[in-house]
Amino acid sequence: MTNVGTVERITGPIAHVRTHASVAVLEHVWVGHEQLAAEVISVAGDDAIVQIYEETTGVRPGEPVTGTGHPLSVMLAPGLIGQTFDGIQRPLEVVRDAQGIYLRRGATEALPDRDWAFTPAVSAGDAVAAGAVLGRVPETPLVEHRVLVPPGIAGEVTSIVPEGVRRFADVIARIRDDAGREHDVTLAQRWPVRRPRPFAERLEPNRPLITGQRVLDTFFPIVRGGSAALPGPFGAGKTVLQHSLAKWSDAQVIVYVGCGERGNEMAQVLQEFPKLVDPRSGRPLMDRTILVANTSNMPVAAREASIYTGITLAEYYRDQGYHVALMADSTSRWAEALREIAGRLEEMPAEEGYPAYLPSRLAAFYERAGRVTTLAGDEGSVTVIGAVSPPGGDF
């Protein structure tokens, strides 16, 4: 990491930075002496605009900005299932144990590592393509984690570790590509949240997602790999319905994103989900669930990131051949976050003050849903079910 500039001016979650080294749009940076997580959203000459994913009270002009050289990314590894993350993938239970119940600024706790029982699925000398399964890890009693060849890498496996206990940083395989370059593959990989993960082919949406709710399956059916909205004013029961879909739908993995939810509603999710029993297996529902919690009192920029964090985690399990349901609660508060950030940037507002690019952002997010043939040739899907709360219940 290198010092790339200093803070010149700050307005809420938006910092104007005078740079003295090159930075890229969407680069992940650290702002101030407390190393607040942030992302570059605009560059003009020596000036950059940065949105900060943490509370900015007390940040002063002149404080340093440190570049990482890579975009905002999430770690993809065994151990995601059953975890509760904030909008930028900090595991909240780990943070709580380290610093108490209130999330302090600059927290850098990562996904907890432990010994993982790795079983190889290929041998030295095998030819593998991007997305191929290198080995398997029993992540939970309900989910087998498949360690994949990262996108963009293909070639001959020159070495693979034998069956045994591994950790995130351990190199499990080496792959020599057609140009003769060697690539190390570890148990943990990183992926930029704003870049959709690749797949081989998008399949026709012709198979239903069985929601387990007869009234929905009869009158409002949804296809597997499709997208759906749950419209309603505040207090209408959208969150309760999403709880029911998480429990009873025939998705194999659930990603629940509380995007801008009120703290008491998110607390209810955190209390109830660990107690819910998966009706198909009799195991706790958390054995196949990931929670992303970003409540309405958390920094507004992180609310915008939480949606992308959730969909990236969903795509990762899709690429392993699972059918995933993503519950986004609620996309309206994501849109409100975009509106607030656009106002700080003094952008030209469109209807109801939302930025003019809101429709394209919504479309890009929902287009990441789909039933696909993965790079490994398996079938997987991501079904997106978003709650929609019109301001004041005005439809």
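The values are calculated or read from the model by the stated rules, or taken from the named source; none is laboratory data. Fair warning: this is a prediction, and the values are worked out from it, not measured in the lab. Note that we place each Cβ from the backbone using ideal geometry, even for glycine, and neighbour counts take in every protein chain shown. Heads up: the accessible areas ignore ligands, DNA and RNA and are worked out on the full protein's heavy atoms, side chains in. Shrake-Rupley method; radii C 1.70, N 1.55, O 1.52, S 1.80 Å.
Can you confirm whether segment 103-110 contains a residue that is closer than 30 Å to E272 by Cα, touching a Pro at 6+ places or on another chain (Cβ under 7 Å) and touching a residue at least 12 places away in the same chain (Cβ under 8 Å)? Looking through segment 103-110, at least one residue is closer than 30 Å to E272 by Cα, touching a Pro at 6+ places or on another chain (Cβ under 7 Å) and touching a residue at least 12 places away in the same chain (Cβ under 8 Å).
Residues are listed down the side, and each one gets a yes or a no for (1) at pLDDT 95 or above; (2) hydrophobic (A, V, I, L, M, F, W, C); (3) within 23 Å of G226 (Cα to Cα):
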| residue | (1), (2), (3) |
| --- | --- |
| V165 | yes, yes, no |
| D170 | no, no, no |
| R174 | yes, no, no |
| R181 | no, no, no |
| R194 | no, no, yes |
| R197 | yes, no, yes |
| E201 | yes, no, yes |
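Number of residues in segment 376-395 that are at pLDDT 90 or above and over 20 Å from the mean Cα position of the chain (by Cα): the value is 4. Looking only at residues of segment 109-135 that are assigned to a strand (DSSP E or B) and in contact with a Lys or Arg (Cβ under 6 Å, 6 or more places away or on another chain), we find that the one that is nearest to G282 (Cα to Cα) is W116.
Look at segment 56-92 and say how many of its residues are among the acidic types (D, E) and surrounded by fewer than 19 Cβ atoms within 10 Å (Cβ to Cβ).
At the first step, the residues of segment 56-92 found to be among the acidic types (D, E) are 63, 86.
Among the residues that remain, those that are also surrounded by fewer than 19 Cβ atoms within 10 Å (Cβ to Cβ) are: 63.
So the count comes out to 1.
Residues in segment 169-211 that are assigned to a loop (DSSP other than H, G, I, E, B), within 20 Å of the chain's Cα centre (by Cα) and not β-branched (V, I, T): L187, A188, R194, R195, P196, R197, P198, F199. When P78 is tested against (1) touching a His at 6+ places or on another chain (Cβ under 7 Å); (2) free of Cβ contacts under 8 Å to residues at least 40 places away in the same chain, only condition (2) is not met. Return yes when R361 is surrounded by fewer than 18 Cβ atoms within 10 Å (Cβ to Cβ) and not acidic (D, E) and no when it is not. The answer is yes for R361. Scanning segment 133-163 for residues that are on the phi > 0 side of the Ramachandran plot and either polar (S, T, N, Q) or surrounded by fewer than 18 Cβ atoms within 10 Å (Cβ to Cβ) (or both) yields one hit, G152.
Per-residue answers, yes or no, for (1) without any contact (Cβ under 8 Å) to a residue 60 or more places away in the chain; (2) touching a strand residue (DSSP E or B) at 6+ places or on another chain (Cβ under 6 Å):
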{"position": "A229", "(1), (2)": "no, yes"}
{"position": "P233", "(1), (2)": "no, no"}
{"position": "K238", "(1), (2)": "no, yes"}
{"position": "D250", "(1), (2)": "no, no"}
{"position": "I254", "(1), (2)": "no, yes"}
{"position": "G263", "(1), (2)": "yes, yes"}
{"position": "Q268", "(1), (2)": "yes, no"}
{"position": "Q271", "(1), (2)": "yes, no"}
{"position": "L285", "(1), (2)": "yes, no"}
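I'd like the full set of residues that are within 22 Å of the chain's Cα centre (by Cα), open to solvent by 30 Å² or more (accessible area, probe 1.4 Å) and farther than 30 Å from I52 by Cα, limited to segment 106-132. Of everything in segment 106-132, just one residue is within 22 Å of the chain's Cα centre (by Cα), open to solvent by 30 Å² or more (accessible area, probe 1.4 Å) and farther than 30 Å from I52 by Cα, namely R114. Determine whether A24 is buried (at least 18 other Cβ atoms within 10 Å of the Cβ) and of a type in the set (G, A, S). Answer is no for this residue.
Say whether the condition of being under 17 Å from L230 (Cβ atoms), of a type in the set (D, E) and within 18 Å of the chain's Cα centre (by Cα) is met by at least one residue in segment 264-278. Scanning segment 264-278, I find no residue that is under 17 Å from L230 (Cβ atoms), of a type in the set (D, E) and within 18 Å of the chain's Cα centre (by Cα), so the answer is no.
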